[in-house]
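Derivation of every value follows stated rules applied to the coordinates shown; laboratory data play no part. Because the structure is a prediction, the values reported are computed rather than measured. We place every Cβ from the backbone using ideal geometry, glycine too, and count neighbours over all the protein chains shown.
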């Protein structure tokens, strides 16, 4: 039953990820502090966000060490949310155009 | 060629094993305690809830003809005679990441059967969580005093307040419940209920250190959601 003893990983893995999360947070805060604008700002924010989310899920939530069956249950269904987001982007563009057309003085 | 071979030897067996897992009788998630599998299913549903909130916020913001309030200025703190943008939010982010780190270590020491370290780290995680909620209460008070309401605010698009109170409020509620569970788990660990596999008072489940990992999943998820809120609501 030794295999059922759960997740055991060296301390250094956790400490490195912890440090990386701090560094990534500082970097994303600096994007705002320095005052980048437009696509540069959005790309950097999204990149740092995805890196942080990936580190938390992979190491802190132990997903890299889980079987593919549970990984796919967690990661595949949220994919439809991207599709939903795309739909709502189209919808809100249309709403904005309609508002500018009909409600501006 | 060597790298292709090693990648194949990693990926192909994993896929084969997944097909075996899903095709098998009785149990799909093998070697995963049921409490942990159920926590993942719960978190999956929670992902959808928070995603719907964030997509709703995106829709309100994109379709608004009025300008959206500048979060960098709205959430600035006045320190030493000048406004530091987003200072409070940055502090809250660091507190939550710290608590995620202490939680991860609590899980690690739990599996090593180190009762005092696990209990102590759980208490520390709970304290950081309380600090986070406290700062959030301070932030809400400050904004309400400045005139932010769910239906309007002094700086621009009226939907700003509704999105802010809904998203941060729902997240703060998650943190608060997490703190409650952390305190309960810390007591269980420190009095040795997990070592002696004592039955729980409410559910009658026997105490196991896997419970610490399951609770850890919830706490890391709360931190994960904050990563997205921080990026989309405060920085965007």
Helix-derived mean residue ellipticity, 222 nm - over chain B, DSSP H n ≥ 4, -39500 (n - 2.57), to 500: -24500 deg cm²/dmol
Rg(Cα)/(2.2 N^0.38 Å) for chain B, N = residue count: 1.24
Separation in nanometres of the label points that stand 7 Å from Cα toward Cβ, at residue A:12 and residue B:176: 4.3
Taking only Cα atoms of the stretch B:30-69, radius of gyration then Dmax in Å: 16.9, 53
Separation between Cα centres of the stretch B:170-236 and the stretch B:42-110, rounded to whole Å: 20
FRET E, pair residue B:190, residue B:127, Förster distance 22 Å, beta-carbon r, rounded to 0.05: 0.90
Rg and Dmax of the stretch A:6-65, Cα atoms only, in Å: 13.9, 46
Rounded to whole Å, sorted largest first: equivalent-ellipsoid semi-axes of the protein assembly as shown, Cα gyration tensor: 38, 26, 19
Value of [θ]222 nm, deg cm²/dmol, for chain A, DSSP H segments ≥ 4, -39500 (n - 2.57) each, nearest 500: -24500 deg cm²/dmol
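If a/c stays under 1.5 just call it rounded; otherwise compare a/b with b/c (prolate if a/b is bigger, oblate if not). Do that for the stretch B:115-236, with a ≥ b ≥ c from the square roots of the Cα gyration tensor eigenvalues. Could you put the intermediate results ahead of the total?
Working: a/c = 3.09, a/b = 2.90, b/c = 1.06.
Prolate, since a/c reaches 1.5 and a/b exceeds b/c.
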GNM top mover of A:42, A:65, A:18 - chain A, alpha-carbon springs below 10 Å: A:42
Most mobile listed residue (B:71, B:126, B:106) in chain B, GNM with C-alpha springs under 10 Å: B:71
Shape call, chain A: gyration tensor on alpha carbons, a/c limit 1.5: oblate
Among B:24, B:64, B:98, residue whose mean-square fluctuation peaks in a GNM of chain B (springs only between Cα atoms under 10 Å): B:24
